[in-house]
Amino acid sequence: MKRGPLFEKIQERVDFEKDEGDIAYFYALMSQIEYVTKLVVLGVLACLTEDTDRNKYSLEYKLIRANSIGEWVEVLTTALTGPPAQFIRQDARHITRDLTERVAKSDWRYEVVSLATDVATAFGLDGSIGHRVALRQFFEFGVMIRNRTKGHGTPTSDQCYDVCPKLQQAVDLVLEKYVLFNHDWAHLYRNLSRKYRVSKLLGDCAEFDYLKTTRDHNLQDGVYFNLDTLIEVKLISTKPGIPNIYLPNGNYRDRAYELLSYFSNDIDQGDATSWSKPPGRLPPSHTEGKQNLDTLGNTFTNLPQPPSGYIKRDQIERDLETELRTKDRHPIVTLTGLGGIGKTTVALEVINRIAKGSSCPYEVILWLSSRDVDLLDTGPKPVTPKVVSKSTISNVVVELLEPSQRSDSEFDPIQFFQKCLTHGSAGCTLVVLDNFETVDDPADIFAWIDTHVRLPNKVLITTRFRDFQGDYPIDVGGMTDSEAFDLIDQEATRLEISNLIPDQYKHELVAESDGHPYVIKVLLGQVANERKAVKPARIVAGADQLLTALFERTYASLSPAAQRVFLLLSSWRSVVPEIAVEAVVLRPDNERFDVQGAIRELRRFSLIEEVPSASENEMFVGVPLAAASFGRKKLKISPLRVAVEADRDVLMEFGAGDKESSRHGVMPRIDILIKSAAREASDDASSIEKMIPILEYLATRVPLANLRIAQLLGEIGGEVGASSRIKTYVNRYLESTDNSERERAWSWLADLCHTMGDLIGEIHALTEIATLSTTTPSLIGVVANKINSRLRELKNRGMGDGSDEVKQLIARTAEQMSGYLENLDATDCSRLAWLYLNIGNENRAFDIARSGNKKDPDNEHCLKILKRLES
């Protein structure tokens, strides 16, 4: 038996059923054969490369809809002997040859098929075979036996007793000898640290070890086996540690299909979104270059027709035209941005203008399209990419340039294209690779082009990925407000809905779309359909195809850390402080990772928008409507869902906000969080300990949060609110603030001291407020009132009026307040008089009270003091 859970777990079930009896043993063996059959089929499909007829996709499309094992074997036969067979990877030919090569009795494969025919004959099936057989026949006989017994029969115990050893022997031979299972298999899971967790499925997986220590690779989570490179085996579902393994089991509906564990009989659901498009060859893109070179100005080119209704993007056009006209630097220029943001249209506009001009720097301009989805006004439509690999790029260039030596037997299209990059084809050459992210191996092809291109020849790449920055990257973001309004007016006129689009709705469209031109067009198209100004959020929420077309490929290229932060921000569409996201995600319950790096990555991919705070040096972040809708759909099926929703629940404690409210700064949001924490702590004081790390992180950049922590702990009291702990946070705040903010700090400290019964501390803090240079008469009045109230409270408790130190502090406050006597109202005069009474200076108190009585003869406070002193 092979080492690893790929086969050990299914064998454990077979062994268990064997002890239950022959019939149970037989059915377990048939399940094992189904399991192995599906693994073989998926392994073979993994060895197929993509082609213009989409053979690999078509076979996968059929598998997730297959309700019988017979359909799986039909797919295997098609892949091995039909048109897809010509697209088997060269380094995987031995895997398919083991299945198709016809062998005689001396070969183990003949023995496997012979054992299967013996079992078929035992159940009354035709088990005749020739002198030479192919291993794939074993799986065909497996279907026949399954249908005769498990599907449409009831085998007896005696029959099962006779055939089970033969079935077991045949399966063991396949697992032991078939070359596909002599390669190491592993499940890869990319951690938030960007390293991979490698879970062994088969073999020792030493070839996968480098992934545990590197952050330089970008492989999707999933099952892989190792050839000269790692080959992904799609449609196998498992998790790190291999708790279970699921394979497709049909029952396709609503873009989902059933997954079955042959170990535990558990059922799960697979997402079929990636296989929702019809199979077969797709039409070409409307932005695909022409089949032949033609003249445009003084240049030979195959540029497609520029789209109609183009809205000028002045700044981006200037940047791109300047770089393309520059011949002495930046051989690779990239246009990067979200799908549908306008990269291709800007490139066509600028290149057409350059080509038609009298001083075009290029003799040849080659347009090569890798676009696989056209974003049409009627919605996203799948198309066939023209170039997807080094060979297709080179072949298309040969077809366009028609070199005289192309018919020579030794002619190499790849070498020819490399020379074009280095020396030019028929003079200075510009090569445009549109939708570069859809080629088979973007990193490898980018390195290949970068190696060979030489000035004055240039390469322009349009891509959603920021991984290929080139020598001069140009970011294409949303339209400016004026550009977006021009687009809205143009489309509204074309759709005859101008009367349905008031100015307020135009602003709403621009804000919700974040200036994304294709999203704007889709929204206006729905307005035209419904003949009313529909809320953008409702339109986008139901536009599944739009969301997938715009964001799926970009999302898949994100690191796990960036995906997690994106899902968090999408799960609750609000503009939130960036530091709040960091504090929530980095709380002790979570695995630590570079949150700031994840936010920077989302920013590079234009998946978030930022709003600066006016009151602090902090940024707020949010997700545009369309991206957020996509993120919420992704979250429903994400393994990160539980962790993200836990983060979201904490993040929501900061309160909702928009761009406008965010300009008021982070502190109002922190105050909302503090109130929430206080409410929870009122029922369970220990709950605050979960919030303290978040608040402390916030305080590292927003010092006032230290004071909020101190206040919160003071309100809770008990062991949680120990005075030494509170003073730690107050001191942190006072150490990090300037004089203009110290008034608030001393005021809070006075309140905290009051809560703790610290008379000297409270009066000292109040005295500090009174002596600040920013103090006002009204504020000193409040301070005096607090001091008098505190002393009155102590007297009522029979605790006296304090020590000499307290009297000295009161005297300082009274002296400071006397300097504002002319500006004090009658009530504040009474408060100042009480300060003097509390330190035993009755004469000064009488004079102050009389002064207040002159300002307001009816003031009851001054009258009470005068009456007391006169008596």
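Going through ASP684, ASP658, ASP647 one at a time, which residue ends up being among the charged types (D, E, K, R), under 21 Å from PRO588 (Cβ atoms) and modelled with pLDDT under 85?
Details: ASP658 fails: under 21 Å from PRO588 (Cβ atoms); ASP647 fails: modelled with pLDDT under 85.
After ruling out the rest, the residue left standing is ASP684.
Between a first residue in region 120-139 that is within 25 Å of GLN159 (Cα to Cα) and a second residue that is in a strand (DSSP E or B), which pairs have beta carbons less than 9 Å apart while being 6 or more apart in sequence or on different chains?
Between residues of region 120-139 that are within 25 Å of GLN159 (Cα to Cα) and residues that are in a strand (DSSP E or B), the close pairs are LEU135/VAL103.
Please go through region 671-710 and give me each residue that is assigned to a helix (DSSP H, G or I) and among the charged types (D, E, K, R), ordered by number.
ASP671, LYS675, ARG679, GLU680, ASP683, GLU689, LYS690, GLU696, ARG708
Is at least one residue of region 833-851 in contact (Cβ under 8 Å) with a residue 40 or more places away in the chain, closer than 18 Å to GLY781 by Cβ and touching a Ser or Thr at 6+ places or on another chain (Cβ under 7 Å)?
In the first step, residues of region 833-851 are kept if they are in contact (Cβ under 8 Å) with a residue 40 or more places away in the chain; the result is 834-835, 838.
Filter once more, keeping what is closer than 18 Å to GLY781 by Cβ: 834-835, 838.
Still in the list and also touching a Ser or Thr at 6+ places or on another chain (Cβ under 7 Å): 835.
Checked region 833-851: at least one residue is in contact (Cβ under 8 Å) with a residue 40 or more places away in the chain, closer than 18 Å to GLY781 by Cβ and touching a Ser or Thr at 6+ places or on another chain (Cβ under 7 Å).
Scan region 332-347 and give yes if some residue there is farther than 23 Å from LEU550 by Cβ and either polar (S, T, N, Q) or at pLDDT 90 or above (or both), otherwise no. Give the derivation first.
From region 332-347, those farther than 23 Å from LEU550 by Cβ are 332-333; that's our starting set.
Pick out the ones that are also either polar (S, T, N, Q) or at pLDDT 90 or above (or both) and you get 332-333.
Yes: region 332-347 contains one or more residues that are farther than 23 Å from LEU550 by Cβ and either polar (S, T, N, Q) or at pLDDT 90 or above (or both).
Scan region 750-782 residue by residue and report those that are closer than 24 Å to CYS829 by Cβ, among the aliphatic types (A, V, I, L, M) and touching a Lys or Arg at 6+ places or on another chain (Cβ under 9 Å).
ALA750, ILE763, LEU766, ILE769, ALA770, LEU772, ILE780, VAL782
Among the candidates GLU601, GLU591, single out the residue that is assigned to a loop (DSSP other than H, G, I, E, B) and touching a helix residue (DSSP H, G or I) at 6+ places or on another chain (Cβ under 9 Å).
Working: GLU601 fails: assigned to a loop (DSSP other than H, G, I, E, B).
Selected residue: GLU591, the only one of GLU601, GLU591 that is assigned to a loop (DSSP other than H, G, I, E, B) and touching a helix residue (DSSP H, G or I) at 6+ places or on another chain (Cβ under 9 Å).
Taking the stated definitions as given, is THR813 in a loop (DSSP other than H, G, I, E, B) and of a type in the set (Ser, Thr, Tyr)? Before the answer, list the steps.
Numbers: in a loop (DSSP other than H, G, I, E, B): no; of a type in the set (Ser, Thr, Tyr): yes.
For THR813, the condition - in a loop (DSSP other than H, G, I, E, B) and of a type in the set (Ser, Thr, Tyr) - is not met.
Within region 413-430, work out how many residues are more than 26 Å from ARG54 (Cβ to Cβ) and either surrounded by 20 or more Cβ atoms within 10 Å (Cβ to Cβ) or without any contact (Cβ under 8 Å) to a residue 40 or more places away in the chain (or both).
Our first condition is that a residue be more than 26 Å from ARG54 (Cβ to Cβ); within region 413-430, this holds for 415-416, 418-430.
Among the residues that remain, those that are also either surrounded by 20 or more Cβ atoms within 10 Å (Cβ to Cβ) or without any contact (Cβ under 8 Å) to a residue 40 or more places away in the chain (or both) are: 415-416, 418-423, 425, 429-430.
Residues meeting the conditions: 11.
Taking region 458-508 on its own, how many of its residues are in contact with a strand residue (DSSP E or B) (Cβ under 9 Å, 6 or more places away or on another chain) and small (Gly, Ala, Ser)?
Here is the first cut: in region 458-508, the residues in contact with a strand residue (DSSP E or B) (Cβ under 9 Å, 6 or more places away or on another chain) are 458-466, 468-476, 478.
From what is left, the residues that are small (Gly, Ala, Ser) are 470, 478.
Here the count works out to 2.
When you go through ARG742, ARG669 one by one, which is the residue that is touching a residue at least 40 places away in the same chain (Cβ under 8 Å), touching a Ser or Thr at 6+ places or on another chain (Cβ under 9 Å) and of a type in the set (Lys, Arg)?
On the way: ARG742 fails: touching a residue at least 40 places away in the same chain (Cβ under 8 Å).
Being touching a residue at least 40 places away in the same chain (Cβ under 8 Å), touching a Ser or Thr at 6+ places or on another chain (Cβ under 9 Å) and of a type in the set (Lys, Arg) holds for just one of ARG742, ARG669, which is ARG669.
Looking at GLU410, GLU399 in this structure, which one is among the charged types (D, E, K, R), part of a helix (DSSP H, G or I) and either more than 30 Å from PRO278 (Cβ to Cβ) or touching a residue at least 60 places away in the same chain (Cβ under 8 Å) (or both)? I'd like the intermediate steps shown before the answer.
Working: GLU410 fails: part of a helix (DSSP H, G or I).
Result: GLU399 is the single residue among GLU410, GLU399 that is among the charged types (D, E, K, R), part of a helix (DSSP H, G or I) and either more than 30 Å from PRO278 (Cβ to Cβ) or touching a residue at least 60 places away in the same chain (Cβ under 8 Å) (or both).
Considering region 224-272 alone, what residues qualify as being farther than 14 Å from ASN67 by Cα, out of contact with any His (no Cβ under 9 Å at 6 or more places or on another chain) and charged (D, E, K, R)?
Passing the criteria: ASP228, GLU232, LYS234, ASP254, ARG255, ASP266, ASP268, ASP271.
Only one of THR301, THR238 is surrounded by 17 or more Cβ atoms within 10 Å (Cβ to Cβ) and within 30 Å of ASP184 (Cβ to Cβ). Can you tell me which? Lay out the reasoning, then the answer.
On the way: THR301 fails: within 30 Å of ASP184 (Cβ to Cβ).
Every option except THR238 fails the conditions.
When region 337-383 is examined, which residues are found to be of a type in the set (Val, Ile, Thr), in contact (Cβ under 8 Å) with a residue 40 or more places away in the chain and either part of a helix (DSSP H, G or I) or surrounded by fewer than 21 Cβ atoms within 10 Å (Cβ to Cβ) (or both)?
Those that are of a type in the set (Val, Ile, Thr), in contact (Cβ under 8 Å) with a residue 40 or more places away in the chain and either part of a helix (DSSP H, G or I) or surrounded by fewer than 21 Cβ atoms within 10 Å (Cβ to Cβ) (or both): THR344, VAL346, ILE351, THR378, VAL383.
Just the residues that are crowded, with 22+ Cβ neighbours inside 10 Å, part of a loop (DSSP other than H, G, I, E, B) and modelled with pLDDT of 90 or more, please, taken from region 435-461.
Keep residues of region 435-461 that are crowded, with 22+ Cβ neighbours inside 10 Å, which gives 435-436, 439, 446, 449, 457-461.
Keeping just the survivors that are part of a loop (DSSP other than H, G, I, E, B) gives 435, 439, 457.
Matches in region 435-461: ASN435, ASN457.
Give me the pairs, please: first residue somewhere in region 757-779 and closer than 15 Å to MET817 by Cα, second residue anywhere and assigned to a loop (DSSP other than H, G, I, E, B), beta-carbon distance under 6 Å, and either six or more positions apart or on two chains.
Note: pairs meeting the criteria are PRO777/TYR820; PRO777/LEU824.
Within region 506-513, does at least one residue satisfy the condition of being touching a Gly at 6+ places or on another chain (Cβ under 9 Å), β-branched (Val, Ile, Thr) and at pLDDT 85 or above? Steps first, answer last, please.
Kept after step one, since they are touching a Gly at 6+ places or on another chain (Cβ under 9 Å), are these residues of region 506-513: 510, 513.
Still in the list and also β-branched (Val, Ile, Thr): 510.
Those left that are additionally at pLDDT 85 or above: 510.
Yes, because at least one residue in region 506-513 is touching a Gly at 6+ places or on another chain (Cβ under 9 Å), β-branched (Val, Ile, Thr) and at pLDDT 85 or above.
Filter region 84-111 down to the residues that are in a loop (DSSP other than H, G, I, E, B), over 21 Å from GLU74 (Cβ atoms) and not small (Gly, Ala, Ser) and list them by number.
Step one: list which residues in region 84-111 are in a loop (DSSP other than H, G, I, E, B), which gives 89, 101-102, 104-107.
Remaining after also requiring over 21 Å from GLU74 (Cβ atoms): 89, 104-107.
Matches in region 84-111: ARG89, LYS105, ASP107.
Would you confirm whether any residue within region 277-296 is of a type in the set (Asp, Glu) and closer than 18 Å to LYS458 by Cα?
No; the residues of region 277-296 include none that is of a type in the set (Asp, Glu) and closer than 18 Å to LYS458 by Cα.
Which residues, taken from region 200-235, are among the basic types (Lys, Arg) and either surrounded by fewer than 14 Cβ atoms within 10 Å (Cβ to Cβ) or closer than 12 Å to TRP185 by Cβ (or both)? If you could, list the steps in order and put the result at the bottom.
The initial filter retains those residues of region 200-235 that are among the basic types (Lys, Arg), namely 200, 212, 215, 234.
Hits for region 200-235 are LYS200, LYS212, ARG215.
Looking only at region 274-330, how many residues end up being within 19 Å of SER370 (Cβ to Cβ), at pLDDT below 90 and among the hydrophobic types (A, V, I, L, M, F, W, C)?
Adding up the residues that qualify gives 1.
Of the residues that make up region 417-434, is at least one touching a strand residue (DSSP E or B) at 6+ places or on another chain (Cβ under 8 Å), outside any helix (DSSP H, G or I), more than 24 Å from ASP328 (Cα to Cα) and modelled with pLDDT of 90 or more? Write out each step before concluding.
Of the residues in region 417-434, the ones touching a strand residue (DSSP E or B) at 6+ places or on another chain (Cβ under 8 Å) are 420-421, 424-434.
After this cut, where a residue has to be outside any helix (DSSP H, G or I) as well, the list is 424-434.
From the residues that got through so far, the ones that are more than 24 Å from ASP328 (Cα to Cα) too are none.
No, that holds for no residue.
Taking the condition of being surrounded by fewer than 24 Cβ atoms within 10 Å (Cβ to Cβ) and free of Cβ contacts under 8 Å to residues at least 40 places away in the same chain, how many residues in region 565-585 meet it?
0
Just for region 631-649: of the residues that are crowded, with 18+ Cβ neighbours inside 10 Å and in contact with a Lys or Arg (Cβ under 7 Å, 6 or more places away or on another chain), which one is nearest to GLU552 (Cα to Cα)?
Taking the candidates together, the pick is LEU635.
Would you call ALA626 closer than 30 Å to ASP475 by Cα, part of a loop (DSSP other than H, G, I, E, B), among the hydrophobic types (A, V, I, L, M, F, W, C) and modelled with pLDDT under 85? Let's see the steps before the verdict.
On the way: closer than 30 Å to ASP475 by Cα: yes; part of a loop (DSSP other than H, G, I, E, B): no; among the hydrophobic types (A, V, I, L, M, F, W, C): yes; modelled with pLDDT under 85: yes.
Against the criterion (closer than 30 Å to ASP475 by Cα, part of a loop (DSSP other than H, G, I, E, B), among the hydrophobic types (A, V, I, L, M, F, W, C) and modelled with pLDDT under 85), ALA626 does not qualify.
Conditions tested, residue by residue: (1) farther than 30 Å from ILE242 by Cα; (2) touching a residue at least 60 places away in the same chain (Cβ under 8 Å); (3) loosely packed, with under 13 Cβ neighbours inside 10 Å; (4) hydrophobic (A, V, I, L, M, F, W, C).
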site: ARG281; (1), (2), (3), (4): yes, yes, yes, no
site: GLY289; (1), (2), (3), (4): yes, yes, no, no
site: THR295; (1), (2), (3), (4): yes, no, yes, no
site: PRO306; (1), (2), (3), (4): yes, no, no, no
site: LYS312; (1), (2), (3), (4): yes, yes, yes, no
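The values are calculated or read from the model by the stated rules, or taken from the named source; none is laboratory data. Just so it is clear, the model here is predicted, and its values are computed rather than measured. Note: ideal-geometry Cβ built from the backbone for every residue, glycine included; neighbour counts use all protein chains shown.
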